[in-house]
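Every read-out reported here was derived from the displayed coordinates using simple, explicitly stated rules and does not represent laboratory data. Please read these numbers as outputs of a predicted model, since none were measured by experiment. Cβ: placed from backbone, ideal geometry, glycine included. Neighbour counts: every protein chain shown.
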Amino acid sequence: MTDYEGFITNIKRKTNIDLALYKEAQMKRRLTSLYEKRGFKNFNDFYKGMERDQQLLNEFLDRMTINVSEFYRNGKRWEVLQNKIFPRLLKENRKLKIWSAACSTGEEPYTIAMVLSNYLPLSQISILATDLDENAIAKAKTGIYPERSLAEVPTAIKEKYFVKNGMFYQVKDEIKRTVTFRKHNLLKDPYEQNYDLIVCRNVMIYFTEEAKDQIYLNFSKALRPGGVLFVGSTEQIFNPSKYSFDIEDTFFYSKA
């Protein structure tokens, strides 16, 4: 067993996270730079360090999850959600069940709420947002972001739903109240059912083909017929029918 394989086994036993389902080269590179920075010589020593130091374990969890996000990322896709997807979904059901999966630091679920507010009062919007990283969830709950996270936010939305505070922007409480944050592991935990919309963007690229296959099947089962999966701009599904999906628009898949 290699040093890294032993590390995978130990981490799975300790945290229930299966690193074997993440692309090995990317993950090893990310974690090697962390353990070298912290003065360890190999994965075995790094794991022993985490056994002794909870802060190091938290840092490891931060590093292995990918917290790169911003509001209205790839703006044209959000226009499709606003102008095409939401109108159809709302014709079928006025109370939408929405899940922002692997939501990172919260920009995505808050964006969903802002877009949907064009059609519904905020009091009628409820979004579940989940991530594996508890630190990311804690940041999301604060709703405080640097200016660069708002680069693609339309000016009218920025003025309506954010308060500038020094060098940072605070999401208004009325938007924060629309989102419930929860810890969830896409590769292990159960999925709720009957979603109208699942948004999971710019995360699947880090998983193996086997893991992606499992997650897409689970997403399909979690959606109601006609429900929509919205994926990232590098994550086109090349065989959507395998998961009972039809292409509704670029990066939008409806359950057949």
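Filter the strands (runs of 3 or more DSSP E) completely within the stretch 175-256 down to those with at least 1 residues that are hydrophobic (A, V, I, L, M, F, W, C) and surrounded by fewer than 21 Cβ atoms within 10 Å (Cβ to Cβ). Full working, then the answer.
Working: elements: 179-183, 195-200, 223-231, 245-249, 252-255.
Hits in the stretch 175-256: 245-249, 252-255.
I'd like to check something: does the stretch 88-97 contain any residue that is part of a helix (DSSP H, G or I), among the acidic types (Asp, Glu) and crowded, with 20+ Cβ neighbours inside 10 Å?
Residues of the stretch 88-97 part of a helix (DSSP H, G or I): 88-92.
With the extra rule that they be among the acidic types (Asp, Glu), the set shrinks to 92.
Now narrow it down to the ones that are crowded, with 20+ Cβ neighbours inside 10 Å: none.
No, there is no match, as no residue in the stretch 88-97 is part of a helix (DSSP H, G or I), among the acidic types (Asp, Glu) and crowded, with 20+ Cβ neighbours inside 10 Å.
Which is touching a Lys or Arg at 6+ places or on another chain (Cβ under 7 Å), of a type in the set (D, E, K, R) and not in a loop (DSSP other than H, G, I, E, B), of Arg63, Arg29?
Values: Arg29 fails: touching a Lys or Arg at 6+ places or on another chain (Cβ under 7 Å).
Exactly one of Arg63, Arg29 is touching a Lys or Arg at 6+ places or on another chain (Cβ under 7 Å), of a type in the set (D, E, K, R) and not in a loop (DSSP other than H, G, I, E, B), namely Arg63.
Within the stretch 228-249, take every residue that is of a type in the set (Phe, Trp, Tyr) and over 11 Å from Leu217 (Cα atoms) and give me the one that is farthest from the chain's Cα centre (by Cα). Quick ask: steps written out before the conclusion?
Taking the stretch 228-249 as the starting set, the residues that turn out to be of a type in the set (Phe, Trp, Tyr) are 230, 238, 243, 245.
Subsequent filtering for residues that are over 11 Å from Leu217 (Cα atoms) retains 230, 238.
Working: Phe230: 11, Phe238: 21 Å.
Among those that are of a type in the set (Phe, Trp, Tyr) and over 11 Å from Leu217 (Cα atoms), it is Phe238.
Among (1) within 22 Å of Tyr216 (Cα to Cα); (2) not in a helix (DSSP H, G or I); (3) not β-branched (Val, Ile, Thr), where does Arg77 come up short?
The number of the failed condition is (2).
Filter the stretch 130-159 down to residues that are in a helix (DSSP H, G or I) and among the acidic types (Asp, Glu) and give me whichever is farthest from Ile175 (Cα to Cα). Walk me through how you get there before you give the answer.
Keep residues of the stretch 130-159 that are in a helix (DSSP H, G or I), which gives 134-142, 147-150, 155-159.
In the following step, the residues that additionally are among the acidic types (Asp, Glu) were identified as 134, 147, 159.
Details: Glu134: 21, Glu147: 18, Glu159: 13 Å.
Taking the candidates together, the pick is Glu134.
Which ones in the stretch 140-156 are at negative phi and without any contact (Cβ under 8 Å) to a residue 60 or more places away in the chain?
If we filter the stretch 140-156 for residues that are at negative phi, which is where we start, we get 140-142, 144-156.
Result: Ala140, Lys141, Thr142, Ile144, Pro146, Glu147, Thr155, Ala156.
Is it the case that the stretch 132-154 has a residue that's surrounded by 14 or more Cβ atoms within 10 Å (Cβ to Cβ), more than 19 Å from the chain's Cα centre (by Cα) and either within 30 Å of Ile17 (Cα to Cα) or of a type in the set (A, V, I, L, M) (or both)?
No, the stretch 132-154 has no match at all.
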